[in-house]
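Written below as structure tokens is the structure these notes are about.
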Amino acid sequence: MQKLFSRLGLLVVVIGMLCIAPFTQAQENVQIDFYWASAVEGNLPAIFQGYADQFMAENPGITINLVYSGSYTQTRETILAEGTDPIVDVAIMLATDLSTFISDSTIIPLSFLIEGMEDGDAYITDFFPAFLANGTDADGMIWSIPFQRSTPILFYNADLLAEAGLEVPTNNEDLIAVAQALTTPDRYGLLLPVAGTFPIWIYQSFAAAYGKPVVDNDLTNVYFNTPETLAAVEFMTRVGLPVEEGGFGVGPKGGSAWGETPSAFVSGQAAMIYHTTGSLTSILNDVTNSENPFEVGVAFLPSGPANEDGNGYGAPTGGGNLYIFDNESTPKTEAEIDAAWRWVQFLSSPEVQSDWGAQTGYIASRYSAWDIDPLLSLVAEYPQYGVARDQLEFAVKEFDAYRSVDIQNIINLQLSKILSGELSLDQAAEALAEGQAQIDQLLEPFKQG
Amino acid sequence: MVNKRNGWSIIADILTMIVSLLWVAPLFFAVLISVRPSSDPLSVGNIFFGRSITLENYQQALELAPWAWHYLTSVLVVLGVLVVQIITITMAGYAFARMKFFGRNILLFVLLIQLMIPSGVLVVQNLTTMRQLDLFDTRWALMIPYWASAFGVLLMRQTFREIPPELEEAARIDGANLGQILRFVYIPLSIPTYIAFSLVSISARWNEFLWAAMVTRTAEVRPVTTGLSQLFSATEAGTNYGQLMAGTLLVVAPLVVLFIFFQRRFIESFASSGLK
Amino acid sequence: MAQTQSAVQVTHIAQTHRLKRPQWRHILPYLLIAPTLILVGLFTIYPTIRTLEQSLYEPGASTRDERGRRVQEPDTFVGFQNYADLFITQDPPHPIVGSFLQVLGNTIVFAVVTVGVTLPLSFGLALLMNRAVRGRALWRFSLFYPVLLPLIGGASMWAFLYGNTGGLINIVLRSLGIPTQDWLNTPDLVLWSVIVVNIWKQAGFYMIFYLAGLQAIPKDIYEAAALDGASYFQQLFSITVPLLRRTTLFLLVIASTYAFQTVEQLDVLNRGMPANRSNMLLWYIYQIYPSAQARGYVNAISMVLVVILLTFTFINFAFFERKDDDGQ
């Protein structure tokens, strides 16, 4: 025992010595603490390290400290916990966190920095407007720059459609006709990834398809209970109901889980799926290497009502933007803000966007990024990537409003109740009305102001 | 207890096997899925081995993070917490088990709040505290909040109370002081509990994520779970189970080795504790 | 009066003991628990008090002026309004905590079932594993390894088994021609699917403490009982179970606390959905948490949780320790 205790003592000393903090010395250098949230596969640490090295070589005196900050949720939690004197200088966070960050964090508006650029106008107009929408508030102030963005698209098994002599559907009626033709006991015709906590994203596509996007530019407006959104919810629910229960009989009840949907498509268990462009790269790779390779088709999400081809195209955007944070008790110096802004410009440059898009499958957020390699040659080889870009013309702003977190919880819960069959289809209208009443309660104070 | 090879014993053996097999099935498939390429979902090919076997999931998981630093940090933190915990829970456990003092029950309940308050709601305040103490982004910040363990105190209190008070009285009559009483009476008789506690403490700290991610930023002072979390973060494309399982198995491997070692000690300690 | 009494006491103590010793004996217990108390005070009690305090406030909104600078309004004291919102049903349901009672109900069902199944199960497993059986180390490992896994890692293994299209269970069922189930996305099934994962994860944990307890029971007690002709099951219920009473109390407190606190597994097991049917208090807190203006509710729910668990623990202690708590 005596020996054990002296060993423990030694251990304490050794651990103590090893734990002395790595000193961060006061330097003339400006250090940028850059938090990145991951939402795609791949060796992202290495890719970011490459960008940082290149940037530091071009900008002596600025050090980029890369900090992996977990998922989007984890990153948001960390940033909010850091309070009004945060450690973070620049972060990649969900584009839809804008309203949350405007009220609860120290992000700084970027419009003034853009105005201060020599070619500020040229810089900002080069971004896809659909991607800028979530970075801009109702007054036109820009708060965040698109970095890793995505949008849902329709993936279809082109071989199956060709065998059956079917056209790629462009409206919801055709979508169901094709799905029903391709449904077999071993295969779903159409999978909507709406099981789980996040039905709101795919739901927004259908709301747009039926002509009433859930949100507009005013952060005080949310349209959850409208005839169009009701039609959207009913359609989504029917996809998962058998014919005898008034459904279309083409998918599982309540939809499928987000993560499982691509592998069901790859393994031939689903003929068509709605999924994010962020899955395009892994789906293409996996199908090529799979047991039964087939041609992967990609198309715009079909428009809503029958015979309205093209009029009702629509999909929300998704993904992350770049934000710059200030420190309220010791505000950032001009040099520090300048350094952070340069890093943001660098990451959003056409060269980096083209490379990042090609390496990860995100949609490069600037027009000019698509005119240069490596993206240019990638699209030449896989035209599927171009489809996602072209759909942006019809894309709508992703959900964001004041009290965004609370309202998303409300919408997701009501949708889940209807989709899972906890409520019958007849009760859907009631559920939407209840949700809208709750939402209005939350937004009322903002409307008066 | 009863060691006769009778009918009951055979039934018990069979039961043991069935339960163990049920329990181990998820691990079995986790290992299989970790060597499956992502282009082969489980519904494709042979249910056990798919069409081919690959180590690429392990390779990709290993490339994602500076694992050597992460492992070093985790080992230091786990040991640094355990050593101090053993001291604090022994002292407090004895006090609560064998001493009468004013406010004993109230203080015990105050301690128990540590088990009952959701740690997530304490994180923001504790992060501020660590920044004020200038310990932010150090390994100390990963350890200090865990140096006191209400779980451990409760466990030692319960264990020490099982030890016959006569043994302590006898030692006292022989002139032993408190330190000697703990060292020669209480601690040796509680070795199985210490080992059980160590296992639990080690695996809890080894797998701790929320606080670690919150209070560290530098890769060198971050533990293994921060590396692993890159695999757990739900991606837009969905979870890559192959890589996730590969990463999980890599992270848990040291604990498995430790368990095998501990589990032998566990039996030996029983044989040598000499409790009669 | 009071002075006289204490003076009498001091004289009495001084007469029966050496003067120095009682003082030391009075301080000693506090010295022994001081390190624990200081650390718990700093990292648990202090922030808990802040939580309690903030649960009585409604957080102030914050806005931006035209130059984009942040303007923070102060918090408003609302008394127990946050608690009232949790427990009083409204129409329409409260926009932030309207599901609280449902979620609390789920949590209680979850806790009662997991604890009710896991404790007897782990006791049984400990009995099985405590026998001299070939390959005991291997059997023990197979039961204990889930404890070693990060909860989210263990749950991921199950998420993979439970999957609707690509999950192992459904693939096996399909090949046998049995109708499959969407284990995680069927309202009536999901909570049970989560419960199974937790039983699997925790049984080995409690087993190890029962094993430690079993090994501490002197063998000669059984030998004596066997000589008296007591059967195995008589020995079990008249010796083993009563002697492990304290272990059971300890595990009951720990297990129910954990049952209320366990949350990470939900992240991969359909995140409280569908329709909140698998949502539990901690996950509910995580859902609300990012909204700064709902922080008062997060704090209130945390305090409700502490009160529930402390009450439960108190009842347990009162019930189990009443007999032998005095005189030590």
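The values are calculated or read from the model by the stated rules, or taken from the named source; none is laboratory data. Only a predicted model underlies this, so the values are computations on that prediction, with no experimental measurement involved. Positions of Cβ are generated from backbone atoms using ideal geometry, with glycine treated the same way; all protein chains shown enter the neighbour counts. Side chains are part of the model used for accessible areas, which takes the heavy atoms of the whole protein and leaves out ligands, DNA and RNA. Shrake-Rupley method; radii C 1.70, N 1.55, O 1.52, S 1.80 Å.
Candidates C:L125, C:L101: the one that is closer than 25 Å to C:L214 by Cα, assigned to a helix (DSSP H, G or I) and not small (G, A, S) is C:L125. Among the residues of this structure, A:S282 counts as one that is under 17 Å from A:G361 (Cα atoms) and among the hydroxyl-bearing types (S, T, Y). Restricting to region C:147-162, what's the tally of residues that are open to solvent by less than 10 Å² (accessible area, probe 1.4 Å) and facing chain B (nearest Cβ under 7 Å)? Here the count works out to 6.
For (1) of a type in the set (S, T, N, Q); (2) part of a loop (DSSP other than H, G, I, E, B); (3) closer than 23 Å to C:N185 by Cβ, each residue gets a yes or a no:
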{"site": "A:T261", "(1), (2), (3)": "yes, no, yes"}
{"site": "A:A264", "(1), (2), (3)": "no, no, yes"}
{"site": "A:I273", "(1), (2), (3)": "no, no, yes"}
{"site": "A:G278", "(1), (2), (3)": "no, no, yes"}
{"site": "A:I283", "(1), (2), (3)": "no, no, yes"}
{"site": "A:V287", "(1), (2), (3)": "no, no, no"}
{"site": "A:E291", "(1), (2), (3)": "no, yes, no"}
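Residues of region C:59-85 that are of a type outside the set (D, E) and in a helix (DSSP H, G or I): C:Q81, C:N82, C:Y83, C:A84. Report yes if some residue within region A:177-197 is under 21 Å from the mean Cα position of the chain (by Cα), at positive phi and touching a residue at least 40 places away in the same chain (Cβ under 8 Å); otherwise report no. Yes, region A:177-197 contains at least one residue that is under 21 Å from the mean Cα position of the chain (by Cα), at positive phi and touching a residue at least 40 places away in the same chain (Cβ under 8 Å). Condition first: closer than 30 Å to B:V153 by Cα, within 16 Å of the chain's Cα centre (by Cα) and surrounded by 23 or more Cβ atoms within 10 Å (Cβ to Cβ). Can you find one or more residues in region B:64-75 that meet it? Yes, region B:64-75 contains at least one residue that is closer than 30 Å to B:V153 by Cα, within 16 Å of the chain's Cα centre (by Cα) and surrounded by 23 or more Cβ atoms within 10 Å (Cβ to Cβ).
When region C:182-222 is filtered for residues that are outside any helix (DSSP H, G or I), surrounded by fewer than 17 Cβ atoms within 10 Å (Cβ to Cβ) and at pLDDT 90 or above, only C:D188 remains. Tell me whether region C:192-208 contains one or more residues that are among the charged types (D, E, K, R) and in contact (Cβ under 8 Å) with a residue 60 or more places away in the chain. Yes; the residues of region C:192-208 include at least one that is among the charged types (D, E, K, R) and in contact (Cβ under 8 Å) with a residue 60 or more places away in the chain. Filtering region C:262-279 for residues that are at pLDDT 90 or above and more than 14 Å from chain A (Cβ to nearest Cβ) leaves an empty set. Filtering region C:79-129 to residues that are more than 30 Å from C:Y232 (Cβ to Cβ), without any contact (Cβ under 8 Å) to a residue 40 or more places away in the chain and surrounded by 19 or more Cβ atoms within 10 Å (Cβ to Cβ) leaves C:P93, C:P95, C:G98.
Give the residues of region A:260-274 that are within 8 Å of another protein chain (Cβ to nearest Cβ) and surrounded by 24 or more Cβ atoms within 10 Å (Cβ to Cβ), sorted by residue number. Hits for region A:260-274 are A:E260, A:T261, A:P262, A:S263, A:A264, A:V266, A:A270.
Which residue pairs have Cβ atoms closer than 9 Å, lie 6 or more positions apart in sequence or on different chains, and pair a first residue in region A:209-233 that is touching a residue at least 12 places away in the same chain (Cβ under 8 Å) with a second residue that is open to solvent by less than 40 Å² (accessible area, probe 1.4 Å) and among the acidic types (D, E)? Once the first residue is touching a residue at least 12 places away in the same chain (Cβ under 8 Å) and sits in region A:209-233, its partners that are open to solvent by less than 40 Å² (accessible area, probe 1.4 Å) and among the acidic types (D, E) give A:V215/A:E398; A:V215/A:D400; A:N217/A:D137; A:L219/A:D137; A:L219/A:D400.
Here is the figure for region C:130-146: residues that are surrounded by 16 or more Cβ atoms within 10 Å (Cβ to Cβ) and assigned to a helix (DSSP H, G or I) total 9. Annotation for region A:371-379: no member residue is in contact with a Gly (Cβ under 7 Å, 6 or more places away or on another chain), closer than 17 Å to A:V298 by Cα, open to solvent by 60 Å² or more (accessible area, probe 1.4 Å) and not acidic (D, E). Can A:S303 be described as surrounded by 23 or more Cβ atoms within 10 Å (Cβ to Cβ) and more than 27 Å from A:V40 (Cβ to Cβ)? So A:S303 passes the test. Just name the residue that is surrounded by the fewest Cβ atoms within 10 Å (Cβ to Cβ) out of those in region A:72-87 that are outside any helix (DSSP H, G or I) and facing chain B (nearest Cβ under 9 Å). Per the criteria, the residue is A:D85.
Do you know which residues across region C:276-304 are among the aliphatic types (A, V, I, L, M) and farther than 20 Å from C:V78 by Cβ? The answer is C:M280, C:L281, C:L282. When A:A195, A:A179, A:A162, A:A158 are checked against the criterion of being away from chain C (no Cβ under 14 Å) and closer than 25 Å to A:L415 by Cβ, A:A179 stands alone in meeting it. Is region B:7-28 home to any residue that is farther than 30 Å from C:A224 by Cα, among the polar types (S, T, N, Q) and at pLDDT below 90? For region B:7-28, residues farther than 30 Å from C:A224 by Cα, among the polar types (S, T, N, Q) and at pLDDT below 90: absent. Out of A:S99, A:S103, A:S144, report the one residue that is within 14 Å of chain C (Cβ to nearest Cβ) and open to solvent by 10 Å² or more (accessible area, probe 1.4 Å). The match here is A:S103.
Taken together, A:Y156, A:Y123 contain a single residue that is surrounded by fewer than 19 Cβ atoms within 10 Å (Cβ to Cβ) and either touching a residue at least 40 places away in the same chain (Cβ under 8 Å) or in a helix (DSSP H, G or I) (or both), which is A:Y123. Taking region B:116-144 as the range and being open to solvent by less than 20 Å² (accessible area, probe 1.4 Å), within 8 Å of chain C (Cβ to nearest Cβ) and assigned to a helix (DSSP H, G or I) as the test, the residues that pass are B:M116, B:G120, B:V121, B:L122, B:N126, B:T129. Kindly check whether there is at least one residue in region A:246-258 that is in a helix (DSSP H, G or I) and at pLDDT 95 or above. No; the residues of region A:246-258 include none that is in a helix (DSSP H, G or I) and at pLDDT 95 or above.
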